[in-house]
Amino acid sequence: MKQIIVLIGNYGSGKTEIALNLAVNASKKGLNTLVIDLDKVNDYFRMSDRVELLTDRNINVVSPTFAGKGVTPSSMSSAVASAFDGDWDYVVFDVGGDAAGALSLGRYHQDFAALRPEQLHVYDIVNVFRPMSGTPDKILALKDEMEGFARLKVTGFVNNANLLNYASADDLRRGYDVLRETSEMSGIPVVHTTGRSEFLEAFLEDGRDSAFIGEPVALETYMHRSWEAFTHQGF
């Protein structure tokens with residue numbers, strides 16, 4: 001059964017890195033995989049910069065900034081529609097971290113509504129070190145706003161707490177504590193905890209409640225950017 005994964009979240013939450021990793025992992029399992037890049041705002045962490053990486057792994061890509069497949073902004077709508085009409089096993093939507101990004105999902109509301117509940121997974125990627133994501137109240141307020149624009153309900157949280165080059169297992173511990181409270185307040189489960197393998201392994205050794213960890217996902221770093229440059233650009 002086709003699985004559609006929609007990734008939303010604040011700027012700098014790590015949606016694109018996670019989208020790349022989920023797609024690569026799915027392709028390794030032999031799944032016919034498609035990635036939809038709907039991040040039209042953030043040119044710093046662009047999915048289109050990694051199109052070659054994906055196509056080399058037999059992953060199909062739809063991106064407004066990737067001309068190699070003949071995809072232009074005017075043809076994006078029909079290209080995105082292929083996510084629902086095509087014979088895919090696994091589809092990942094990488095959505096921009098603003099109202100425009102979420103609104104871009106709204107036009108496909110009927111397509112999403114036609115899916116079976118077990119086919120659609122809407123994940124809120126949370127990096128507790130980013131603005132507007134440091135407390136449960138802030139996370140839930142941002143989630144509600146994004147849901148309203150996207151016309152989709154979040155089905156799971158992803159703990160992606162990190163400071164890029166300065167990440168550590170302590171960051172994941174902080175994310176766990178905040179998302180545990182957020183999950184208890186909202187009733188929305190934590191579906192994944194992600195991080196570089198060495199930090200993830202150290203975090204998992206703590207023996208914390210797996211109900212608020214979800215399925216661990218060790219991330220390969222595909223988006224090679226420095227934290228200094230990222231914060232300097234202000235995206």
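The values are calculated or read from the model by the stated rules, or taken from the named source; none is laboratory data. All of these numbers come straight from a predicted model, not from anything done at the bench. Virtual Cβ from ideal backbone geometry, glycine too; neighbours counted across all protein chains shown. Note: areas computed on protein heavy atoms with side chains; ligands, DNA, RNA excluded. Shrake-Rupley method; radii C 1.70, N 1.55, O 1.52, S 1.80 Å.
Worth a mention:
- Rounded if a/c under 1.5, otherwise prolate or oblate - the stretch 116-165, Cα gyration tensor axes: oblate
- Apolar share of the accessible surface for the stretch 87-150: 54 percent from carbon plus sulfur atoms, 1.4 Å probe.
- Multiplying the residue separation of Ala218 and Met132 by 0.36 nm and subtracting their alpha-carbon distance yields 28.5 nm.
- Placed amide H near Gly156: partners under 5 Å, 5+ positions off or other chain: Val122, Asp124
- Label-point separation in nm, Asp89 to Ser197, each point 7 Å along Cα→Cβ: 2.2 nm
- Under the simplified labelling scheme, the Met1-Glu145 pair shows an inter-label distance of 3.4 nm, with each label point 7 Å from Cα along Cα→Cβ.
- Inter-site label distance for Gln119 and Leu163 at 7 Å from Cα along Cβ, in nm: 4.4 nm
- The alpha-carbon of Lys2 sits under 12 angstrom from the alpha-carbons of these aspartates and glutamates, leaving out residues fewer than 8 places away in its chain: Asp85, Asp87, Asp89, Glu118.
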